[in-house]
Amino acid sequence: MSTQSSGPAIETVGLVKTFGETRAVDGVDLTVPAGTVYGVLGPNGAGKTTAVKVLATLLRPDGGEARVFGHDVVRDADAVRGLVSLTGQYASVDEDLTGTENLVLLARLLGHHKTTARTRAAQLLEAFGLTEAAGKQVKHYSGGMRRRIDIAASILNTPELLFLDEPTTGLDPRSRNQVWDIVRAVVAQGTTVLLTTQYLDEADQLASRIAVIDHGKVIAEGTKGELKASVGAGSVHVRLRDADRRPEAERLLRDLLHAEVQLEPDPVALTARLGATTSDSAAEQAARALGELARDGITVDNFSLGQPSLDEVFLALTGRETGGSATQGTGPAKKDEVAA
Ligand SMILES: Nc1ncnc2c1ncn2[C@@H]1O[C@H](COP(=O)(O)OP(=O)(O)O)[C@@H](O)[C@H]1O
Ligand SMILES: [Mg+2]
């Protein structure tokens, strides 16, 4: 937005924050482009909240540098505070006040006139689907409503940079979707969002770039596409008309795509996992494969193209599953999983 948009929103070099023996943030280099959602993805205890607190000037770093729109978080902390807003554990919302009362009060504290405070509160309540609950005390809100009013409170004055620290942890799928819509709307207004999450699908849905962190270190960084390319381009799933032709189809796909081909329990189905090495997109490879099958007179009834999930990315990067198990709910931890 305005004059802030020339450089990156956040730039850190070798950032360190320790708590006694624990290196919660252990030499983090990050560049967050302005005007986008940047995802910081990592399991519980990875150092996400600590990093956010340092960037929001709530904690002093022990080493390295961090700048927010060019302002050093230690030397120019006041300037940084004027540009950022944080939603997370620091909910400024008062449980005993209604939704409207909270937002009007906070808007007044931010210097808005009574009428503009009321207008802004009403606008945000409407935008966040809280109009009906506007007159209810916040203590009677559901978890999803509570999360939404927290975010509303943090964007009363549109910040240049909004930190959303695990905004949907513990929410039901419908509430998560509502929060996602809000995040998209906030970014459409020009705010940069740094979103931390344990949910791989959340980063996938919202973020343009993602840093995967584990034990205080960035273990991978890039666009979603780049991260996914590190595990493979995806898979082509094919259902044939005739089960007899499957061995032939299997051979053909393996030779043509240099892919690992898996035979499904369904006798007409097979899946080819595409490699990350070729320059062709998964769609191009799939099209080529279908053409080749047709030329050999093998009829395909149905086919689909699958993208690798970010779960697979994390597994490929760390050799273990994420603690949070985003897409499957909270399954039991694997026996060989390292505790974070
Ligand atoms: N105030 C603190 N005092 C001591 N250790 C802390 C404190 N805050 C966080 N830690 C430790 O730092 C590490 C990173 O924690 P945190 O940043 O909260 O991770 P995340 O937000 O990714 O779950 C953890 O090992 C945690 O126990
Ligand atoms: Mg945290």
Notebook entry, point to check: Using alpha-carbon positions, what is the distance between the centroids of region 77-146 and region 17-53, in Å?
Noted result: 27 Å
Item checked: Net +/- balance of residues flanking L270 in space, Cβ distance below 15 Å, scoring K and R +1, D and E -1 -> -4
Next item on the list: Apply 1/(1 + (r/R0)^6) to the Cβ-Cβ distance of Q307 and T131, taking R0 = 35 Å, and write down the FRET efficiency to the nearest 0.05.
Entry: 0.40
Notebook entry, point to check: Counting alpha carbon pairs within less than 8 Å and at least 6 residues apart, what relative contact order, in whole percent, applies to region 1-152?
Noted result: 19 percent
Next item on the list: Provide the percentage of antiparallel DSSP beta bridges, counting only those with both residues in the chain; round to the nearest 5.
Entry: 70 percent
Next item on the list: Determine the equivalent ellipsoid of region 26-185 by diagonalising the alpha-carbon gyration tensor, then write out the semi-axes as square roots of 5 times the eigenvalues, largest first, rounded to whole Å.
Entry: 28, 19, 13
Next item on the list: Quote the FRET efficiency, to the nearest 0.05, computed for E95 versus D29 with a Förster distance R0 of 25 Å and r equal to the Cβ-Cβ distance.
Entry: 0.05
Note to self: I need the fraction of alpha carbon pairs in the chain separated by more than 30 Å, rounded to a whole percent.
What the structure shows: 47 percent
Note to self: Please compute the modelled spin-label separation between R288 and Q189, points set 7 Å along Cα→Cβ, answer in nm with one decimal.
What the structure shows: 4.7 nm
Margin query: Using the Cα atoms of region 228-271, I'd like the radius of gyration and the largest Cα-Cα distance, Dmax, both in angstrom.
Written below: 11.1, 35
Check: In terms of the ratio Rg/(2.2 N^0.38 Å) built on C-alpha atoms, what value belongs to region 164-287?
Finding: 1.41
Next item on the list: Determine the gain in length on full extension of the stretch H140-V13; use 0.36 nm per residue of separation and subtract their C-alpha separation, reporting nm with one decimal.
Entry: 41.4 nm
Item checked: By average C-beta atoms within 10 angstrom, highest first, the peptides 260-268, 113-121, 245-253 -> 245-253, 113-121, 260-268
Checklist line | Least to most buried among T12, T223 (fewest other Cβ within 10 Å first) | finding: T223, T12
Checklist line | the chain: most fluctuating residue of L109, L58, L130 per GNM, C-alpha cutoff 10 Å | finding: L109
Item checked: Over the chain, relative contact order from alpha-carbon pairs under 8 Å, at least 6 apart, % -> 19 percent
Note to self: Spelling out what I want: for every residue of region 155-163, take phi, set θ = phi - 60°, compute 6.51 cos²θ - 1.76 cosθ + 1.60 (Karplus), and round to whole Hz; glycine and proline get x.
What the structure shows: 10, 3, 9, 4, x, 5, 9, 10, 9
Check: Once both labels are modelled 7 Å past Cα along the beta-carbon direction, what's the T115-V300 spacing in nm?
Finding: 6.4 nm
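No lab work stands behind these numbers, since they all come straight from the coordinates. Nothing here was measured: the structure is a model prediction, and the numbers come from that model. Glycine gets a Cβ as well: all are built from the backbone with ideal geometry, and neighbour counts include every protein chain shown.
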